[in-house]
Amino acid sequence: MAGRSRLSVGLVHDYLLVMRGAERSFAAIADCWPSAKIYTLLYDEAGTHKRFAARNVKISYLRRLPLHQQNFRRALPLYPRAIERLPIDRHDVVVSSSSAFAHGVKLAPETVHVCYCHSPFRYAWHERSRALSELPAPLRPMLLRSLQRIRGWDVQAAQAVTHYVANSAVTRLRIQEFYARDATVIHPPVDVDRFSIGRPADYALMVTEIVRHKRVDVALEAARRARQPIKVVGTGPDLVALRAQFGDSAQFLGRVSDAELTRLHREARVFLMANVEEFGIAAVEAQAAGRPVVAAAAGGALETVVPGETGVLVPEDDVDAMAEALRYTDFDRFNPETVRRNAERFSTQAFQSRLRAEVDRLTGHAVLEPEPALARAA
């Protein structure tokens, strides 16, 4: 049985510029160790809704550059060196939250480094073609060379991590394939307490970034064929084109408040997820509101949707199959209480309990933070 030790804990996240899935997961991680210092490449206090305003946040030297959410990808070649030079104090344990560079922090050999991996860096690995497609053709060779260098750095950085924790089975497989490392799976936190069961209306709902790889067009075409009204929450570079193509059958709401999103989930007839997600937090949020899901039968949906009980799984990129599911499924037969209970498996409390237990197991201690006075002195 692990002993009880007061250990110094440090926390690292790629960049804290907005509050999306990875950042919300990191916020739950940060709440596990409320006195721990936070380290990141870039930080926007307003963009993260002041969620970390009371914390001691250390930022890389890139803070001097005019980088923000809209343009930070332009600096990709700079991030490996910047993450290695983060001014990290000596800690007994460092927990990094990484979908790109955070796992590459340089630490003392005796430091236990646990990486919660949302995904190996997509642009360098399984979404490289997407990254190239977003640039004009003349610039693609330069980006390709940069991504190739990042790949080499990424593999080397992965070998220094003590232990990986993956957010899903898909991510675990990618860690094995790209890094030749194994990982424990702990699903990310979902704030299920935000949602409640209500009386559904007659619209389908999507909550997504409106970009090509999210396959929003597949869901919209399926809904149009099924004559199913659909509302889309989110923005992105494909919004204008999709609004022009589907404006007669879909309603595009842009970004909405948390309160409005809660209402939309509660009143939706069904939630749609057409792309392959590592996990798919929005689909679990829909289930927390008691609403069934129609999703591509791949990725995180295989772990979060129970066919016949909480939703319907259809072949990936199959418009006809999704349209048939929308047209012929009796969504009223799904028991909202059963659907919600499935979502409760992924609550924030469950996530935090599992993560703390895993860190305790790896260190051989029940990891406690230093007493407040000692923390201030550090």
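Conditions (1) out of contact with any Ser or Thr (no Cβ under 9 Å at 6 or more places or on another chain); (2) outside the structural domain of residue 24 (by TED's automatic domain parsing); (3) within 12 Å of residue 119 (Cα to Cα), marked per residue:
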position: 147; (1), (2), (3): yes, no, no
position: 151; (1), (2), (3): yes, no, no
position: 176; (1), (2), (3): yes, no, yes
position: 179; (1), (2), (3): yes, no, yes
position: 182; (1), (2), (3): yes, no, no
position: 201; (1), (2), (3): yes, yes, no
position: 217; (1), (2), (3): yes, yes, no
* Of the residues in the stretch 14-34, how many are in contact (Cβ under 8 Å) with a residue 40 or more places away in the chain and under 21 Å from residue 350 (Cα atoms)? -> 11
* Top-ranked residue of the stretch 187-207 - restricted to ones that are within 30 Å of residue 245 (Cα to Cα) and surrounded by 22 or more Cβ atoms within 10 Å (Cβ to Cβ), ranked as farthest from the chain's Cα centre (by Cα) -> 204
* Asked: Out of (1) part of a loop (DSSP other than H, G, I, E, B); (2) more than 16 Å from the chain's Cα centre (by Cα); (3) not aliphatic (A, V, I, L, M), the odd one out for residue 184 is which?
  -> (1)
* Qualifying residue in the stretch 359-373 (condition: surrounded by 16 or more Cβ atoms within 10 Å (Cβ to Cβ), at pLDDT 95 or above and farther than 24 Å from residue 190 by Cβ) -> no
* Asked: Given the conditions (1) buried (at least 19 other Cβ atoms within 10 Å of the Cβ); (2) touching a Lys or Arg at 6+ places or on another chain (Cβ under 7 Å); (3) polar (S, T, N, Q), and given that residue 167 satisfies all but one, which numbered condition is not satisfied?
  -> (2)
* Asked: Which condition does residue 125 not pass, out of (1) modelled with pLDDT under 95; (2) of a type outside the set (Lys, Arg); (3) buried (at least 21 other Cβ atoms within 10 Å of the Cβ), if it passes all the others?
  -> (3)
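For every residue, the table says whether it meets (1) assigned by TED's automatic domain parsing to the domain that holds residue 340; (2) under 25 Å from residue 330 (Cβ atoms); (3) at pLDDT 95 or above.
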{"position": "230", "(1), (2), (3)": "yes, yes, yes"}
{"position": "247", "(1), (2), (3)": "yes, no, no"}
{"position": "250", "(1), (2), (3)": "yes, yes, yes"}
{"position": "255", "(1), (2), (3)": "yes, no, no"}
{"position": "260", "(1), (2), (3)": "yes, no, yes"}
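The values are calculated or read from the model by the stated rules, or taken from the named source; none is laboratory data. Model, not experiment: these values are computed from the prediction. As a convention, Cβ positions derive from the backbone with ideal geometry for all residues, glycine included, and neighbour counts pool all protein chains shown.
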